[in-house]
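Novice: Take this structure first; my questions come after.
The values are calculated or read from the model by the stated rules, or taken from the named source; none is laboratory data. Just so you know, these numbers come straight off a predicted model, no measurement behind them. Virtual Cβ from ideal backbone geometry, glycine too; neighbours counted across all protein chains shown. The protein model used for the area step is the full one, side chains on, heavy atoms only, and it has no ligands, DNA or RNA in it. Shrake-Rupley method; radii C 1.70, N 1.55, O 1.52, S 1.80 Å.
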Amino acid sequence: MISRKRIKTSRYVAALAITLVIFLIGFIIGGEINERKIDALYSLEQDIRVESLSNELVFQLVQKDLCGSMNMSSYTEELAQIGRRLTYMEGVYGYEDPRVVRLKSYYSLLQVRHWLLSDEVNAKCSYDKPLIVYFYTNDGCGDCEDQGLVLTNLYRHYPLFNTYSMEYSLDNPALAFLKERYGIERHRLPTLVVNGEVLYGFQDKDSLVERLELERRLAEDMAANPERYE
Amino acid sequence: MLTLQDWIIYLLCFVGLFTSVFFALTILSPHKMRYRRDQKFRPKVSIIIPMWNEGSANGERLRKTVESLLACDYPKSKLEIIIVNDGSTDNSLNLANQYRVHGVKVLSYRKSRGKTHAVNLGMRHATGELVAGLDADSFIMPDVLDKLVPCFKDKNVMAAVPSIKIWNPRSFLQLVQYQEFLSAVFIRHIQSELGAIPLAPGAFTLIRKSFIDAHGDLRADSMVEDLEMSMRIQSEGYLIENVTYANVYTSGVKTFRAFVSQRLRWFCGFIITVRKYNHLLHPRYGNLGVFILPVSIIYILLTMGVFFYTIAMLFYNLSRWLWEVHLVGFSFKDIFEFSFDPFLVTIDNTTILPFILFFVILSFMYYIKTVSEEKQGILMPFFAFNFSYWLIGSLCWVLAIYYYIAGKSIKWGPNYFRTRP
């Protein structure tokens, strides 16, 4: 055979080895970046702990002038951001990943705390901001996915209520109590608790708009804070 | 957690990176300039220009082609130019006859028989030791013959290929073709190092006349006569040489329709010819048999896979979006409103590897630009190609495979070519 046509096995082996090394480097860099994300999430968790604690202290300290000085919007926004990031982590590591499960469990506690606080502000300051506790599961519940879509969309158009999403299969005492109290069962998911009233099964957008009187609230809010809607 | 999409990306990156690394190693392995220009080695060369209806613009394209040959550095006494009129219905023949004063021979078919027949007719009348075809829409640089001819000092070399590029690409389609041709120049540069060029394009590939005399002329029943000839040379165990810095320019097709039907013919012809010469897929034929041809086939399969996966994902996402619209109604607000959180950007191997691959391929293109002494810019074509070819290229492949499986015939010039024997 003409020498140039001859197969140099060593070159093929070298190419394979270098390719595998590049893959390995890619995996290491990717893994490193994700590790940092987990760290970032833990530090975010710390922030929210401080945030919620300070809010509670404010809540207890200024009993007299509670309604004037209580501003929960940054707390709410940070909670929502953690929620989005957690959803993303679920996508990266899967629902089953123990780190994700732990973070979600902790997140659900933060939500319960926020919910209680908001409820109290509602009662003491005669606000009536709607509070929705949303029970769902990632495990074989198509309607839950749809319900999630509807709630996200609803908030985008009417940012006038709070949603607290609770994964049914998480196991902690606070959640267990809530499930017991509202009679939440797996086969009846998704379930919404709207201002104490329990709604089983998928709720479409229009019925939620009506139930929460969102059109009226939107009109009022637009009149009161026109700068928010420019 | 690896999804199907991850697996597809990994597979593509693995094949892409492996071939790239292998190419890089081939470039880096020491090789010397094999053939020096030689004033004494000057065999006679015959160039055949097949033409059909070149009358528009007063034969401007033909004039450029012939003049580039007349102006070339090769001794005139050793250069024979033959124009073959393939039954043109306009005044092409008269235009061609004007060049007789320069010693150009003119042959003519009364009725069009197709390009391959025309080139074969010219080759039968050619008196040169080396022959080449040159389309009437192409032209050569003056030193091309001086660079190509010395290859034939090696008795094993049966053909020598120049770099074929698009001249002055303007439209989007031409930019895409520019990059397509440049990639081919790069790949042929590598294949040449491995003694494994599967395709010596019809545009100005010099062929030893004695090979044609011994093994037959271009197969007029093949829709890719150049590929068929190249495979025949490989099959006989000879070498096809490549001279990267010898430049021939062509204009490329103008319309999308012509673009698709040209690739349909090339790709379908590739399938047919590779099946015909499938015995080449064997270590006996060196790097061609164990690497170049298998990788081409793997690429075709991957292209198919990616195409159908992309289409499926498109439909999947569309149906999901429609379902979402069904649930919450349509609103422009939902489409245009998004917030950016860097945390939500995934950087892992499925983003890192394609990124690496992208830059490796771009650097290959700069390498080949330098080696092939190319003056035109390559960045615009590179992006035009990467933006569009994954779709239009694979669309052409899907069509080609469909034509092949359905046994539909393909039209080229005046002839229909069967995709099944």
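Novice: Mind giving me the FRET efficiency for residue B:392 and residue B:345? R0 is 41 Å, r the Cβ-Cβ distance, nearest 0.05 is fine. Walk me through the intermediate numbers first.
Specialist: Numbers: r = 29 Å, r/R0 = 0.72.
The computed FRET efficiency comes out at 0.90.
Novice: Let me make sure I get this right: for the stretch A:128-230, a, b and c are the square roots of the gyration tensor eigenvalues over alpha carbons, sorted descending. Under 1.5 in a/c it's rounded, otherwise prolate if a/b > b/c, else oblate. Which is it? Intermediate values should be presented prior to the final figure.
Specialist: Working: a/c = 2.38, a/b = 1.96, b/c = 1.21.
Cα axes put the stretch A:128-230 in the prolate bin.
Novice: Using the charge dipole of chain B (Lys, Arg: +1 at Cβ; Asp, Glu: -1 at Cβ; taken about the Cα centre), state which of B:224, B:266, B:127 has its Cα farthest towards the positive end.
Specialist: Sorting the options by dipole projection puts first B:127.
Novice: Can you give the net charge of the other residues whose Cβ lies under 12 Å from the Cβ of residue A:179, counting K and R as +1 and D and E as -1? Display every interim value, and only then the final one.
Specialist: Details: positive: A:181, A:186, A:188; negative: A:167, A:171, A:180, A:185.
That works out to -1.
Novice: Pairs of alpha-carbon atoms within less than 8 angstrom and 6+ residues apart define the contacts here; what relative contact order does chain B have, in percent?
Specialist: Dividing the mean separation by the residue count of chain B yields 18 percent.
Novice: Kirkwood-based Rg over Rh for the protein assembly as shown (C-alpha set), two decimals? The partial results should precede the final answer.
Specialist: On the way: Rg = 34.9 Å, Rh = 30.2 Å.
Here Rg/Rh amounts to 1.15.
Novice: Got a sec? What order do B:261, B:88 fall in by accessible area at 1.4 Å, biggest, i.e. largest, first?
Specialist: Numbers: B:261 65, B:88 20 Å².
Order by accessible area, largest first: B:261, B:88.
Novice: Please work out the FRET efficiency for the pair residue A:187 and residue B:383, using the Cβ-Cβ distance as r and a Förster radius of 60 Å; give the result to the nearest 0.05.
Specialist: Numbers: r = 54 Å, r/R0 = 0.90.
FRET efficiency, residue A:187 to residue B:383: 0.65.
Novice: When only C-alpha pairs under 8 Å and at least 6 residues apart count, what is the relative contact order of the stretch A:7-127, in percent? Before the final figure, lay out the partial values.
Specialist: On the way: 36 pairs, mean separation 28.1, N = 121.
With pairs under 8 Å counted, the relative contact order is 23 percent.
Novice: Here is a follow-up. Please get the size of the charge dipole for the protein assembly as shown, origin at its Cα centre, with Cβ charges of +1 on Lys and Arg and -1 on Asp and Glu, quoted in debye to the nearest 20. Before the final figure, lay out the partial values.
Specialist: Values: 71 positive and 66 negative charges, 1076 e Å.
Computed charge dipole of the protein assembly as shown: roughly 5160 debye.
Novice: Which whole-Hz couplings ³J(HN,Hα) result when phi for each residue of the stretch A:122-138 is put into the Karplus expression 6.51 cos²θ - 1.76 cosθ + 1.60, θ = phi - 60°, listed in order with x for Gly and Pro?
Specialist: Karplus values, whole Hz, x for Gly and Pro: 3, 6, 6, 9, 6, 7, 9, 5, x, 10, 10, 9, 10, 9, 8, 8, 7.
Novice: Helix B:225-235 versus the longest principal axis of chain B: what angle, 0 to 90°, nearest 10, using Cα atoms?
Specialist: Taking the Cα atoms of chain B, the angle to B:225-235 is about 90 degrees.
Novice: Also: How large is ³J(HN,Hα), in whole Hz, for each residue of the stretch B:371-383 in order, when computed from phi with the Karplus curve 6.51 cos²θ - 1.76 cosθ + 1.60 and θ = phi - 60°, using x for Gly and Pro?
Specialist: Here the 3J(HN,Hα) series is 4, 8, 6, 8, 9, 6, x, 10, 6, 4, x, 4, 6 Hz.
Novice: Let me ask you something else. Leaving ligands, DNA and RNA out of it, work out the accessible area of residue A:204 with a 1.4 Å probe and give it in Å² to the nearest 10.
Specialist: Taking all protein chains as shown, residue A:204 has close to 70 Å².
Novice: Could I ask something else about it? Put a dot 7 Å past each Cα toward the Cβ at residue B:124 and residue B:57; how far apart are the dots in nm?
Specialist: Placing both labels 7 Å along Cα→Cβ, they lie 3.3 nm apart.
Novice: Of all DSSP beta bridges in the stretch A:128-230, what percent run antiparallel (nearest 5)? It would help to have the intermediate numbers written out before the result.
Specialist: Details: 8 of 14 bridges.
Taking every DSSP beta bridge within the stretch A:128-230, about 55 percent pair in antiparallel fashion.
Novice: When a/c reaches 1.5 or more, the comparison of a/b and b/c decides; with that in mind, is the stretch A:74-198 rounded, prolate or oblate per its Cα gyration tensor? Walk me through the numbers on the way to the answer.
Specialist: Working: a/c = 1.45, a/b = 1.33, b/c = 1.09.
The shape class here is rounded.
Novice: Per residue of the stretch B:72-79, in order, report the coupling 6.51 cos²θ - 1.76 cosθ + 1.60 (Karplus, θ = phi - 60°) as ³J(HN,Hα) in whole Hz, putting x for Gly and Pro.
Specialist: Here the 3J(HN,Hα) series is 6, 6, 5, x, 4, 5, 9, 10 Hz.
Novice: I've got another one for you. Which value, in debye to the nearest 20, describes the size of the charge dipole of the stretch B:4-125 about its Cα centre when Lys and Arg Cβ atoms bear +1, Asp and Glu Cβ atoms bear -1, and nothing else is charged?
Specialist: Working: 19 positive and 9 negative charges, 158 e Å.
It comes to approximately 760 debye.
Novice: Counting only the backbone N, which residues of the stretch B:48-86 are under 15 Å from the spot 7 Å out from the Cα of residue B:94 toward its beta-carbon?
Specialist: In the stretch B:48-86, the label zone of residue B:94 (backbone N under 15 Å from the point 7 Å along Cα→Cβ) covers B:53-60.
Novice: Which of the lysines could a cross-linker span from residue A:37 if the Cα-Cα distance has to be under 23 Å and same-chain partners fewer than 8 positions apart are dropped?
Specialist: Correct list for residue A:37: A:104.
Novice: Now a separate question. May I ask you to compute the full-extension gain from residue B:143 to residue B:64, defined as 0.36 nm times their residue separation minus their alpha-carbon distance, rounded to one decimal in nm?
Specialist: Details: separation 79, 0.36 × 79 = 28.44 nm, distance 1.59 nm.
Gain on extension, residue B:143 to residue B:64, equals 26.8 nm.
Novice: Next question. Cross-link candidates for residue A:124: which lysines have Cα within less than 22 Å, leaving aside residues fewer than 8 places away along the same chain?
Specialist: Correct list for residue A:124: A:64.
Novice: Also: Counting DSSP beta bridges with both partners in chain B, what percentage is antiparallel, nearest 5?
Specialist: The antiparallel proportion sits near 30 percent.
Novice: Checking the cross-link filter: which aspartates and glutamates have an alpha carbon closer than 13 Å to that of residue B:44, excluding same-chain neighbours under 8 positions apart?
Specialist: Answer for residue B:44, where 13 Å is the Cα cut-off: B:80, B:129, B:146, listed by chain and number.
Novice: When Cβ neighbours within 10 Å are restricted to other protein chains, what is their mean count per residue of peptide A:7-18? Working shown, then result.
Specialist: On the way: counts 10, 6, 1, 1, 8, 6, 0, 3, 11, 4, 1, 7.
That works out to 5 on average.
Novice: Right, here's the next one. How many angstrom lie between the C-alpha centres of the stretch B:388-421 and the stretch A:182-207?
Specialist: So the two Cα centres are separated by 57 Å.
Novice: Right, something else. Using the Cα centre as the reference, give the magnitude of the dipole from point charges on the C-beta atoms of the stretch A:7-127 (Lys, Arg: +1; Asp, Glu: -1; all else neutral), rounded to the nearest 20 debye. Mind dumping the intermediate values first?
Specialist: Details: 13 positive and 15 negative charges, 116 e Å.
For the stretch A:7-127, the charge dipole is close to 560 debye.
Novice: So for the stretch A:7-127, taking the charge dipole from beta-carbon charges (+1 Lys/Arg, -1 Asp/Glu), which of A:74, A:15, A:46 sits furthest toward the positive end?
Specialist: Positive-most Cα among the choices belongs to A:15.
Novice: Sticking with this one: Return the average number of partner chain Cβ atoms within 10 angstrom of each residue Cβ along peptide B:282-290. Numbers along the way, then the final one.
Specialist: On the way: counts 0, 3, 2, 3, 8, 7, 2, 2, 3.
Across B:282-290, the average partner-chain Cβ count within 10 Å equals 3.
Novice: DSSP beta bridges in the stretch B:21-134, what fraction antiparallel, as a percent rounded to 5? Working shown, then result.
Specialist: Details: 0 of 16 bridges.
Around 0 percent antiparallel, to the nearest 5.
Novice: With every protein chain left in place and a probe of 1.4 Å, what is the accessible surface of residue B:267, to the nearest 10 Å²?
Specialist: Only protein atoms counted, so the area is about 30 Å².
Novice: Let me ask something else. Of B:45, B:278, B:292, whose Cα points farthest to the positive end of the dipole of chain B (charges on the beta-carbon: +1 Lys, Arg; -1 Asp, Glu; origin at the Cα centre)?
Specialist: Farthest along the dipole direction, towards plus: B:45.
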